[in-house]
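The values are calculated or read from the model by the stated rules, or taken from the named source; none is laboratory data. Please read all numbers here as calculations on a predicted model, not as lab measurements. Neighbour counts are summed over all protein chains in view; Cβ atoms, including those assigned to glycine, are modelled from backbone coordinates with ideal geometry. Side chains included, ligands, DNA and RNA excluded: accessible areas come from the protein's heavy atoms. Shrake-Rupley method; radii C 1.70, N 1.55, O 1.52, S 1.80 Å.
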Amino acid sequence: MKALIKTDPQIYKLIKEEEKRLQDTLEMIPSNNFQSKAVLEALGSIYNYKYSEGYPFKRYYQGQKYADSVEILAIKRAEKLFGVPYVNVQPYSGSPANSAIYFALLEPKDKIMGLSLAFGGHLTHGSPVSFSGKYFTIVSYKLDKQGIIDYDQVEKLALKEKPKIIVCGATAYPRIIDFKRFGQIADKCGAYLLADISHIAGLVVAGVHPSPVSYVHIVMTTTHKTLRGPRGAMVMVTEKGFKKDPELGEKINKAVFPGLQGGPHDNQTAAIAVALKEASSLAFKKYGQQIVKNSKALAGELIKSGFNLISGGSDNHLILIDLTDKKANGAVAALALEVAGIIVNKNAVPNDPMPPFYPSGIRLGTPAITTRGMKEKEMKKIAEWINEAINQVKGEKLPSDKEKRREFWRAFKIKIVKNKKLLEIAKEVKAFCLKFPLF
Ligand code: DSN
């Protein structure tokens, strides 16, 4: 980073400080991951300068001799890895990718059916605060009392509401998704079926989560979560998708560009190609398997310590904890854990009585710590620290009155960073992390 130090020492310092923060802490937000140096080099390459509106061999600008090859490599690698006949690698990220799919297939007010955000879905699956809930008609399905997708309820709702698209996929769901059952439901009601596998793409590649490809028409994934690529996304059409609608690929291409985006980010495409090459390796398969082993081990330890895990455990890379039984709150716990060097996010739990900014739960996962080489043995220690840290904030009850809550939160933020036990854990975490370098 010689040039950066010289040109902008302030930004250089902030990058180095972030690197150190990551080295010294446990990054357990399940959507975050660390990319390889090779991916980062491609992302920071000369391709950042380039405009390439259009698609390979059909561009609106000259000078595409090599950019075309980059995009074709990315497409071919994705097709092979996921076993699909069509991929668009241009979406800037997951939300634009889902938008493009909707704009390709729907008219304003058409019906989308997805998992409610409050029950683990995503903003773009029909939340009223996102474009998906504003421009389209939304029907949301929920989870059953155990925190599992209620497939019978999904079927009933789908047959009653006849949505044009059903979205299966989630951001805070710790169990296997039954894509086959979703496929049967979509076929019964004539809907397109979109699998949003952003969180689990790396697990699908590793064979530790069933692939949706045989059962759905479209697959969307971001590239930076378990897949360990740069920030970005891909839209794939399956054989089943082409059977339903031979124009599907063309419709999606047009919706991505010129419908929604301008030129693709060629540096991002190059980095996606690198990540896809890495994901085709045996080492990546083992990595994906280890993510799940770690998540199951961590879930088991947390259950032993009396935590209430939504759905009773984890089959994938993430764990969702309802802290109500521990007399703790998600926002309070997430902050306490951060002081202890463990980074998670506060998260709503099913039927959460608390508002989204102060939800009752936390969401945590194993993709990033598995990238660092941690295994089941380390999960035992991490569970101990999580338990000790949350014990420090037991009984910290958020007032229901808004003004009092703001006061409580201001005072809590000042108090918690001085908590001796949490600072002790942070020291232990830092020493432990030394054995697992970021790169
Ligand atoms: N923000 C992502 C997540 O944390 O799951 C989803 O877009």
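Brief remarks follow.
- Scan of region 131-163 for residues that are in contact with a helix residue (DSSP H, G or I) (Cβ under 7 Å, 6 or more places away or on another chain), farther than 18 Å from Glu107 by Cβ and not acidic (Asp, Glu), ordered by number: Tyr141, Lys142, Leu143, Gln146, Gly147, Ile148, Tyr151, Val154, Ala158, Leu159
- In region 179-196, the condition of being open to solvent by less than 10 Å² (accessible area, probe 1.4 Å) and either within 16 Å of the ligand (Cβ to nearest atom) or at pLDDT below 95 (or both) is met by at least one residue.
- Of all residues in region 391-439 being touching a Ser or Thr at 6+ places or on another chain (Cβ under 9 Å) and under 13 Å from Glu338 (Cα atoms), the one that is surrounded by the most Cβ atoms within 10 Å (Cβ to Cβ): Ala426
A quick yes/no check of all residues on (1) free of Cβ contacts under 8 Å to residues at least 12 places away in the same chain; (2) surrounded by 20 or more Cβ atoms within 10 Å (Cβ to Cβ); (3) not hydrophobic (A, V, I, L, M, F, W, C):
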{"residue": "Pro258", "(1), (2), (3)": "no, no, yes"}
{"residue": "Thr269", "(1), (2), (3)": "no, yes, yes"}
{"residue": "Lys277", "(1), (2), (3)": "no, no, yes"}
{"residue": "Leu282", "(1), (2), (3)": "yes, no, no"}
{"residue": "Ile303", "(1), (2), (3)": "yes, no, no"}
{"residue": "Ile310", "(1), (2), (3)": "no, yes, no"}
{"residue": "Asp322", "(1), (2), (3)": "no, yes, yes"}
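- One residue stands out among those in region 119-136 that are crowded, with 19+ Cβ neighbours inside 10 Å and under 22 Å from Ile362 (Cα atoms): the one that is nearest to the ligand (Cβ to nearest atom), which is His122.
- Counted residues, region 270-313 - those being outside any helix (DSSP H, G or I) and within 30 Å of Asn88 (Cα to Cα): 2
- Exclusive hit being assigned to a helix (DSSP H, G or I), closer than 22 Å to His199 by Cα and among the hydrophobic types (A, V, I, L, M, F, W, C), set Ala368, Ala426, Ala411: Ala368
- Being surrounded by 15 or more Cβ atoms within 10 Å (Cβ to Cβ), away from the ligand (no atom under 16 Å from the Cβ) and over 30 Å from Ser314 (Cβ atoms) is a description that applies to Lys111.
- Neighbours by Cβ (under 7 Å, 6+ apart or cross-chain): first from region 20-37, farther than 15 Å from Gly232 by Cβ and within 16 Å of the ligand (Cβ to nearest atom); second open to solvent by 20 Å² or more (accessible area, probe 1.4 Å) and modelled with pLDDT under 95: Phe34/Leu438
Table: residues versus (1) without any contact (Cβ under 8 Å) to a residue 60 or more places away in the chain; (2) among the polar types (S, T, N, Q).
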position: Pro96; (1), (2): no, no
position: Leu106; (1), (2): yes, no
position: Lys111; (1), (2): yes, no
position: Ala118; (1), (2): no, no
position: Tyr141; (1), (2): yes, no
position: Gln146; (1), (2): no, yes
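- Flag for Ser140 being over 30 Å from Ala67 (Cα atoms) and either basic (Lys, Arg) or more than 13 Å from the ligand (Cβ to nearest atom) (or both): yes
- Filter pass, Asn98 being within 24 Å of the chain's Cα centre (by Cα), open to solvent by 40 Å² or more (accessible area, probe 1.4 Å) and within 16 Å of the ligand (Cβ to nearest atom): no
- Unmet requirement for Pro350, which otherwise passes all of (1) part of a loop (DSSP other than H, G, I, E, B); (2) modelled with pLDDT of 95 or more; (3) more than 28 Å from the chain's Cα centre (by Cα): (3)
- Only one of the numbered conditions (1) open to solvent by less than 10 Å² (accessible area, probe 1.4 Å); (2) modelled with pLDDT under 95 is violated by Cys168, and that is (2).
- Those residues of region 336-361 which are open to solvent by 40 Å² or more (accessible area, probe 1.4 Å) and within 15 Å of Gln392 (Cβ to Cβ), in sequence order: Glu338
- Going through (1) away from the ligand (no atom under 16 Å from the Cβ); (2) part of a loop (DSSP other than H, G, I, E, B) one by one, Glu41 falls short only on (2).
- Subset of region 58-84 (residues that are in contact with a helix residue (DSSP H, G or I) (Cβ under 6 Å, 6 or more places away or on another chain) and open to solvent by 50 Å² or more (accessible area, probe 1.4 Å)): Leu73, Arg77
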